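The structure appears below as structure tokens.
Throughout, read-outs are computed from the coordinates displayed, never taken from laboratory work. None of these values were measured; they are calculated from a predicted model. Don't worry about glycine lacking a Cβ; one is built from the backbone with ideal geometry, like all the others, and counts go over all protein chains shown.
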Amino acid sequence: MKQFILLFALLLTAPMAFAQLDFNPATIEISAGVPLITKPNEGLARSNYATFSNFSGGLRYMFNTNYGLKGNYTYTNFSDKDNSEFGNEHHRVSLEGVAQLGNLLNFHHSFRRHWGLLAHAGLGMTWASPEQITEYERIGNLIFGLTPEFKISEQFSIIGDASYIVNMSQNFGYDGTPVVSGSDHVTGSYFQMNIGVQWHFGNKKTAADWH
């Protein structure tokens with residue numbers, strides 16, 4: 001956890017180190033949406049867990065108009081809508097590299113005036129809280145995603161996000177019950193489908209995404 005706090009601090013102080021940029025490099029992202037379980041799913045009615053229970057917030061810093069870095073915190077409540085006794089809360093922190101595909105793939109300029117497409121990938125750590133136990137389970141994550149953007153103004157934009165999260169080792173399912181016995185574990189995964197807003201802040205005229 002200390003390492004992630006340090007990385008967030010570096011993101012916050014990065015603007016001072018790159019003061020000569022002619023665009024605003026920093027963006028705050030807030031979004032919410034639905035988790036979609038892929039595995040493990042034995043004995044689960046997956047549609048019961050597809051509820052509006054995913055909330056995410058983070059800070060992104062673009063080193064140039066193509067590449068950047070972002071840190072995120074995400075809360076996901078996997079809860080059976082038909083039975084509140086079954087569920088698993090996930091608290092995840094992550095650090096991901098970001099690429100502006102709109103620039104890299106040379107989308108037409110008229111399209112890029114109002115639309116952008118970010119790709120992101122990185123590592124995370126989840127603290128899971130199954131309903132059936134009182135302790136947290138720590139889970140390492142791999143994260144891959146795409147984030148389309150629509151520009152409202154130079155400061156604000158609307159985003160969608162489709163991310164695929166891999167749980168590299170988990171002992172409890174999304175319903176909070178053990179999925180394996182002993183010291184074994186399984187690899188799990190799920191999608192998160194979010195919609196949200198971005199605030200591009202700074203004292204320059206435009207943000208990196210629209211520069």
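Model label points for residue 201 and residue 169, set 7 angstrom from Cα along the Cα-to-Cβ axis, are 3.8 nm apart. Only aspartates and glutamates eight or more places from residue 205 in sequence, or on another chain, were considered; those with a Cα closer than 17 Å are 22, 154. Phi angles across segment 110-121 convert, under the Karplus curve 6.51 cos²θ - 1.76 cosθ + 1.60 with θ = phi - 60°, into 3J(HN,Hα) values of 4, 6, 6, 4, 10, 10, x, 9, 9, 10, 9, 7 Hz, Gly and Pro given as x.
Within the listed set 155, 170, 192, the residue fluctuating most in the Gaussian network model of the chain (springs between alpha-carbon atoms under 10 angstrom) is 155. Taken as Cα centroids, segment 55-129 and segment 178-211 sit 2 Å apart, rounded to the nearest whole angstrom. In a reduced charge model with +1 at each Lys and Arg Cβ and -1 at each Asp and Glu Cβ, segment 2-210 shows a dipole moment near 880 debye about its Cα centre.
Rounded to the nearest whole Hz, the Karplus-based 3J(HN,Hα) values (6.51 cos²θ - 1.76 cosθ + 1.60, θ = phi - 60°) of segment 165-172 follow the sequence 10, 9, 8, 5, 7, 9, 10, 10, with x at glycine and proline. Taken about its Cα centre, segment 149-211 carries a charge dipole of roughly 300 debye when the Cβ of each Lys and Arg holds +1 and the Cβ of each Asp and Glu holds -1. Here, the chain is characterised by an Rg to Rh ratio of 1.02, where Rg is the alpha-carbon radius of gyration and Rh the Kirkwood radius. Along the axis of the charge dipole computed for the chain (Cβ charges of +1 for Lys and Arg, -1 for Asp and Glu, origin at the Cα centre), the listed residues 178, 145, 41 are led at the positive end by 145. Net charge dipole, segment 11-101: roughly 180 debye, given to the nearest 20, about the Cα centre with Cβ charges of +1 for Lys and Arg and -1 for Asp and Glu.
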